[in-house]
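Written below as structure tokens is the structure these notes are about.
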Amino acid sequence: MITDVKPWDENTMFTYIRLLNLTNDHQIINRRRIFSNKRKKYFQNIRHRGDIFLDPDTGIATGKVSQKHIQITELKKLLEDNRKRILLVYQHAARGPFKKRIELIIKRVFQEIPNLYCITYECGAVAMLYFSFHKDRIVAIKKYFDHLLANACTHRVRLWPNFA
């Protein structure tokens, strides 16, 4: 889902689609201000049954929700629409220690969405959070990271809950 206010040029769009191994019909492009008073309608536009990548401006809300955050209830709805789905969320750092921020996010998500699994890849002030009800899919991502990183950066990868 692309929510940038300014349109992408053709070359940028082609590169993005190619990197994600997608086709044009896999994209929801919203040129209006993200979440501008129509959050429910915004998420109803997601009809795709497979995995989803979300890039909210700031990340997952654990307190006050702004237009720059995604709510945990919205994550829950997307995950429950297809229980085999991987929901990948890009998370920016907030003030304070980033590792603690990730832990708080995961704790809150797990409180509101039981029986969920997660793997995170954390790097500096950003992280990718992979959520699914399907444990085997999360384990497969972990194995892929282990292979890809060749034990060089495995400290950046964490499983939630720690079931490995």
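Each reported figure results from applying straightforward, stated rules to the coordinates on display, with no laboratory input. Predicted model, so just to flag it, every value in this text is computed and none were measured. When we count neighbours, we look across all protein chains shown, and the Cβ atoms used for this are built from the backbone with ideal geometry, even at glycine.
Do any trypsin sites (Lys or Arg not before Pro) in the stretch 61-115 lie in a DSSP loop with no more than 15 other beta carbon atoms within 10 Å, and if so, which?
Here the sparse-neighbourhood loop sites are 64, 68, 83, 84, 95.
Of 102, 46, how do they rank once you tally other Cβ atoms within 10 Å and put the fewest first?
Result, fewest neighbours first: 46, 102.
Listing 147, 48 from the residue with the fewest other Cβ atoms within 10 Å to the one with the most, what is the order?
147, 48
Below 15 angstrom from the Cβ of residue 128, what's the summed charge of the other residues (Lys, Arg +1; Asp, Glu -1)?
Combined, the nearby Lys, Arg, Asp and Glu give +3.
Which of the three applies to the stretch 51-160, rounded, prolate or oblate, going by the alpha-carbon gyration tensor with a ≥ b ≥ c and a/c under 1.5 meaning rounded?
Verdict is oblate for the stretch 51-160.
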